[in-house]
């Protein structure tokens, strides 16, 4: 038996409890790690609250957590890691615990902190996936809504490195930070369409909505084609003919090893805002839900 955060009913952050659970055993291709860091993602909050019950129904009790990094303690048949390896990856069955199962683990370079290693997985793969789905290329322009968020921050950097002209909508306090990442930062809120047009007089070729802030109608108008807009956050996507991108698959194979190499080389910044002990998972959810964070939120078992 071991410790993990669980919930047995949908609800507010207070439903999260530190519990005794059966230590998981790795299946084929999986490894069990002693968790050193586990990332908290917005999807964790949606699953806990019941907002995803129609598409991701819970089988209680649930251990939340999509991403983790740790030291391999046991390996399943065919797993591409050995006992003692330091790895990161997507979890199977949750990551908020002393132990977690990872599928397709990726080696953690020494240069990468545990906190960044755990934070990189979902946000990095999501940003990479959506850029691939849009098909945006060097010399074209891309508007990223929520450019200061965790996914947006990675998307700005990946797009700018590919020679794409990036415009990002942000809060006033994030303009300097997002500009430094390689984007033309534009304040969101009323009048954002006009501000984007002024920042991109040649027009906007594609839009990546990572904010879910009701910006799809204006985004379609800017590009002139709903097929050039993808959202990961707005449930009204279908009403605007816009694709809603979800899932763990990457375009052109698994991007995670590439993302890890870039982060370890200092070519990709994944800001970590705050870390919490495992037993403060409810506080971490509360802070993320309130939008207090300016970067990733991470649990340290």
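The values are calculated or read from the model by the stated rules, or taken from the named source; none is laboratory data. Note that the structure is a prediction, hence the values are computed from the model and not measured. In this analysis, Cβ positions are derived from the backbone assuming ideal geometry, glycine residues included, and neighbour counts consider all displayed protein chains.
From the list 51, 45, the lone residue that is surrounded by 14 or more Cβ atoms within 10 Å (Cβ to Cβ), assigned by TED's automatic domain parsing to the domain that holds residue 291 and in contact (Cβ under 8 Å) with a residue 24 or more places away in the chain is 45. Only residues that are in a loop (DSSP other than H, G, I, E, B) and in contact with a helix residue (DSSP H, G or I) (Cβ under 7 Å, 6 or more places away or on another chain) were counted across the range 59-90, and they come to 3. Restricting 263, 282 to residues that are in a helix (DSSP H, G or I), more than 18 Å from residue 126 (Cβ to Cβ) and modelled with pLDDT of 95 or more narrows the list to 282. Against the numbered list (1) touching a helix residue (DSSP H, G or I) at 6+ places or on another chain (Cβ under 8 Å); (2) in a loop (DSSP other than H, G, I, E, B); (3) assigned by TED's automatic domain parsing to the domain that holds residue 47, residue 94 comes up short only at (1).
Among residues of the range 203-217 that are on the phi > 0 side of the Ramachandran plot, those with a beta-carbon under 9 Å from a residue that is modelled with pLDDT of 95 or more and assigned to a strand (DSSP E or B) at least six positions away or on a different chain give the pairs 203/141; 212/145; 212/231. None of 132, 168 is surrounded by fewer than 24 Cβ atoms within 10 Å (Cβ to Cβ), at pLDDT 95 or above and outside any loop (DSSP other than H, G, I, E, B) except 132.
Only one of the numbered conditions (1) modelled with pLDDT of 95 or more; (2) surrounded by 17 or more Cβ atoms within 10 Å (Cβ to Cβ) is not met by residue 76, and that is (2).
For the range 224-244, the set of residues classified as in contact (Cβ under 8 Å) with a residue 60 or more places away in the chain and assigned to a helix (DSSP H, G or I) consists of 228 only. Note on the range 136-145: residues that are surrounded by fewer than 24 Cβ atoms within 10 Å (Cβ to Cβ) and either modelled with pLDDT under 95 or in contact with a helix residue (DSSP H, G or I) (Cβ under 9 Å, 6 or more places away or on another chain) (or both) amount to 1. If the condition is being touching a helix residue (DSSP H, G or I) at 6+ places or on another chain (Cβ under 6 Å) and assigned to a loop (DSSP other than H, G, I, E, B), then the range 171-194 contributes 181, 182, 183. For residue 103, only one of the following conditions fails: (1) part of a strand (DSSP E or B); (2) crowded, with 24+ Cβ neighbours inside 10 Å. What is its number? The failed condition is (2). For the range 1-33, the set of residues classified as surrounded by fewer than 16 Cβ atoms within 10 Å (Cβ to Cβ) and in a loop (DSSP other than H, G, I, E, B) consists of 1, 8, 9, 11, 12, 22, 23, 25, 27, 28, listed by residue number. Among what's in the range 106-117 and is in contact with a strand residue (DSSP E or B) (Cβ under 9 Å, 6 or more places away or on another chain) and part of a loop (DSSP other than H, G, I, E, B), pick the residue that is nearest to residue 32 (Cα to Cα). Applying the filter and picking the extreme gives 108.
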